[in-house]
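Student: Mind looking over this structure? Questions follow.
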Amino acid sequence: MIKAKSAFLYTGLFIISASLLMFEVLTTRATKIAFGSNFQFNILSLAVLGIGIGGMVVYFFMNSLLLNRVQNVLTISSVAYTILILLPFLVAPYHVAYPEALIKTIFFVLSFAFYLVSGIYISLIFRYYSEDVSRLYFVTLIGSGTGSIGVLFLL
């Protein structure tokens, strides 16, 4: 039987993994519309780099966190995740009013920040709930698959 806390954790991880993949696909489409080029390889590289650095931040700097403070970091990360998911899309339309190089730089920095926060969030979950890593990994894969199918309906 899954406890309520575990169900909340699995639901959050499912939503994060689905929205992470959807964000990646939507940013490639947004850059195609806003900047005239889709920057697929740049966005994929930013995603891998940001998530990887997020995992390294958790491993090297947050490894000494106590379990009760992890809940606070997860809460802060989820709030930052929610805010950062919108910011690149709010900046992209300003490429007409401001220099395009500046807007592209801001867009990619905000996208990188989103991937960094998501890497920290997912790494914290896998680190501090490692006794259930197989279920966590299953939920992540199901969420990513759902996100890849879900983005088709959004486009």
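The values are calculated or read from the model by the stated rules, or taken from the named source; none is laboratory data. It should be emphasised that the depicted structure is a prediction, and the values quoted were computed from it without experimental measurement. Glycine gets a Cβ as well: all are built from the backbone with ideal geometry, and neighbour counts include every protein chain shown. Just so you know, the surface numbers come from the protein's heavy atoms only, side chains and all, with ligands and any DNA or RNA stripped out. Shrake-Rupley method; radii C 1.70, N 1.55, O 1.52, S 1.80 Å.
Student: Could you list, in sequence order, all residues of region 102-118 that are farther than 18 Å from Thr82 by Cα and either open to solvent by 70 Å² or more (accessible area, probe 1.4 Å) or modelled with pLDDT of 90 or more (or both)?
Tutor: Leu102, Thr105
Student: Which ones in region 82-101 are touching a residue at least 40 places away in the same chain (Cβ under 8 Å) and either open to solvent by 30 Å² or more (accessible area, probe 1.4 Å) or part of a loop (DSSP other than H, G, I, E, B) (or both)? Break it down stepwise before answering.
Tutor: In the first step, residues of region 82-101 are kept if they are touching a residue at least 40 places away in the same chain (Cβ under 8 Å); the result is 85, 88-89, 92-93, 95, 100.
Result: Ile85, Phe89, Pro93, His95, Glu100.
Student: Mind checking whether some residue in region 120-139 is closer than 18 Å to Asn42 by Cα, open to solvent by less than 80 Å² (accessible area, probe 1.4 Å) and in contact with a Gly (Cβ under 7 Å, 6 or more places away or on another chain)?
Tutor: Here is the first cut: in region 120-139, the ones closer than 18 Å to Asn42 by Cα are none.
No, region 120-139 has no match at all.
Student: Look through Ser45, Ser37, Ser6 and report the one residue that is modelled with pLDDT of 85 or more, over 13 Å from the mean Cα position of the chain (by Cα) and exposed (fewer than 15 other Cβ atoms within 10 Å of the Cβ).
Tutor: Unique residue meeting the criteria: Ser45.
Student: A follow-up question, please. Please determine whether any residue of region 141-150 is touching a residue at least 60 places away in the same chain (Cβ under 8 Å), assigned to a loop (DSSP other than H, G, I, E, B) and hydrophobic (A, V, I, L, M, F, W, C).
Tutor: No, because not a single residue in region 141-150 is touching a residue at least 60 places away in the same chain (Cβ under 8 Å), assigned to a loop (DSSP other than H, G, I, E, B) and hydrophobic (A, V, I, L, M, F, W, C).
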